[in-house]
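Heads up, the thing below is written out as structure tokens.
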Amino acid sequence: MNVTRAMIEDLLPLYAAGEASADSRAAVEAFLRDDPGLARQLEALREAPLASVPVSPMAPEAERQTIARTQALLRRRTWLLAAAIFLTLLPLSFVFGDRGLRFFFLRDAPIASAASLACGALSWAMFFVTTRRLRVSGL
């Protein structure tokens, strides 16, 4: 594998920070001996290092609130999934009787079947909204 100048330029920030592996350091140093322009880039990196992003730890109370909110969303999503499946399949329920297979809910109670399907559709919508909220918050 040929080590190109572009590869060495990608390794320069790691080399300048002292985080490059031994093999990467050797490759960078070999290029630095032959390329004064690359050596200037390294000096510029060392003079003006990348600004570090301050990371402040989350306060314990905020962390507890975040965990509690996430757990509540997960519980809600679980119950919504169960309700959506149940309400969607309820109108299609059947029994085996003396006259064979019989769909009892769909035929005997069409209004209740429609209401069940409507509630099932609403449960599915709420399930997907809750799932989206969990994804958006990065959980």
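Values as computed for the structure displayed
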{"quantity": "Lone unmet requirement of (1) among the hydrophobic types (A, V, I, L, M, F, W, C); (2) modelled with pLDDT of 90 or more; (3) in contact with a Phe, Trp or Tyr (Cβ under 6 Å, 6 or more places away or on another chain) for Ala72", "calculated": "(3)"}
{"quantity": "Any hit, the range 62-78, residues being part of a loop (DSSP other than H, G, I, E, B), within 24 Å of the chain's Cα centre (by Cα) and polar (S, T, N, Q)", "calculated": "no"}
{"quantity": "Subset of the range 10-33 [part of a helix (DSSP H, G or I), modelled with pLDDT of 85 or more and exposed (fewer than 14 other Cβ atoms within 10 Å of the Cβ)]", "calculated": "Asp10, Ala22, Asp23, Ala26, Glu29, Ala30, Arg33"}
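The values are calculated or read from the model by the stated rules, or taken from the named source; none is laboratory data. Treat the numbers as computed from the prediction; the structure is a model and nothing was measured. Note that each Cβ is placed from the backbone with ideal geometry, even for glycine, and that neighbours are counted across all protein chains shown.
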